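Have a look at the structure below, then the notes.
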Amino acid sequence: MRALIHSEFGAPETVLAVEERPLPEPGPGQVRVRTLRATIHNHDLWTVRGTYGFKPELPARAGTEAVGVVDALGDGVTGLDVGQRVVTGGTFGVWAEYFVAGAAGLIPVPDGLPDEAAAQLVSMPFSAVSLLHSLDLKPGDWMVQNAANGAVGRMVAQIGAARGINVIGLVRRAEGVAELRDQGISNVVSTEADGWRDEVAALTGDAPILAGVDSVGGDASADVVSLLADGGTLVVFGAMHSPDMRLPSGDVIFKQLTIRGFWGSRVSRDMDPETRSMLFTQLMGHVLAGELTLPVAGTYALDDIAEAVAASTTAGRVGKVLLRP
């Protein structure tokens, strides 16, 4: 079979190349999957560069999320059939024609879900739905998030709207407000505008904002905290702009705020099977109902990995970049 391989860490567009590899055989409890579409995530590119928390042994394959068709079953596998379409979001080495995965980590997908949506269902959408689940908000409650025009921010807004949760989105540029409005996402405010906090208050009708999500860091963390109600919760999801957070101690103390982190991989790993199954069912329902959209910026062959990486790292990209065998 053909697979993307790198023999050194470095720029993905330079070090990744298609090579022939033996067709893998599934062991006990494993499944061989024929890849249909695979997604390029930032953490995949960081892994190839050698700058992520996980460093594979070289030479290494790449990629972690894909949709494919069950091709062969290892001993002891039940609940899956050859020919069944499945997705995975945590199997290393899926940028290939075939990959082997633990059967327990594969999720069957309904026929009505297109490959392009299924290929990106697990990593970011599941993080978004898990994040909302962890906040335990009720219909009518208000929350705020920055990086609202990022992939997860857009998903949180769409899933929140489907659940009756009011989501205030903060963006750094005025253009971002129009971009999200064109995608059907409202309640977005640009923090570069004078009086943006007054605009937030007008949108909420001065209702308490119970939770905030910070994906930016730096001074942007304080912007989110400044909007939280007494007893509110700040969830730290990412650090897009700065690895440090600058928070006013007064707000934290006098509002009695709770600050906690959210790492999607850890949350998914520690989640009980019943909750995970429930959230995936809800997630697929949101996609099938059109409440959650998963756009694709482009689809590239494995041989065109350099072009795919360039597309994936293009500023202002809307949607994920996918690979096809």
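Every read-out reported here was derived from the displayed coordinates using simple, explicitly stated rules and does not represent laboratory data. It should be emphasised that the depicted structure is a prediction, and the values quoted were computed from it without experimental measurement. Every residue, glycine among them, receives a Cβ derived from its backbone with ideal geometry; neighbour counts consider all protein chains shown.
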To the nearest 20 debye, the chain has a Cα-centred charge dipole, built from +1 on Lys and Arg Cβ and -1 on Asp and Glu Cβ, of 260
Show me the ranking of peptides 151-160, 194-203, 113-122 by mean Cβ neighbours inside 10 Å, starting with the highest. 151-160, 113-122, 194-203
Distance in nm between pseudo-label sites at residue 34 and residue 253 (7 Å out along the Cβ direction from Cα): 6.5
Place a +1 charge on the Cβ of each Lys and Arg in the stretch 134-175 and a -1 charge on the Cβ of each Asp and Glu, then give the dipole magnitude about the Cα centre in debye, rounded to the nearest 20. 100
How high is the FRET efficiency from residue 324 to residue 274, r the C-beta distance, R0 35 Å, rounded to 0.05? 0.55
Among rounded, prolate and oblate, which fits the stretch 124-266 when a ≥ b ≥ c are the square roots of the eigenvalues of its C-alpha gyration tensor, a/c under 1.5 means rounded, and a/b larger than b/c means prolate? rounded
Put +1 on the Cβ of each Lys and Arg and -1 on the Cβ of each Asp and Glu in the stretch 124-266; which of 147, 208, 265 then has its Cα farthest toward the positive end of the dipole? 265
Rounded to the nearest 500, what is the chain's calculated 222 nm mean residue ellipticity when only DSSP H runs of at least 4 contribute -39500 (n - 2.57) each, over all residues? -9000 deg cm²/dmol
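Counting DSSP beta bridges in the chain, what percent are antiparallel, to the nearest 5? Could the numbers behind the result be given before it?
Values: 27 of 52 bridges.
The antiparallel fraction comes to roughly 50 percent.
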So what's the angle, to the nearest 10 degrees on a 0 to 90 scale, between helix 123-135 and the longest Cα principal axis of the chain? 40
Along the dipole axis of the chain (charges at Cβ: +1 for Lys and Arg, -1 for Asp and Glu; origin at the Cα centre), the most positive-end residue among 156, 174, 112 is 112
Mean separation of Cα contacts under 8 Å, 6 or more apart, over the residue count of the chain: relative contact order %: 17
Distance in nm between residue 265 and residue 203 label points, each 7 Å along Cα→Cβ, equals 3.2
Which of rounded, prolate or oblate describes the stretch 1-156 when judged by the alpha-carbon gyration tensor and an a/c cut-off of 1.5? oblate
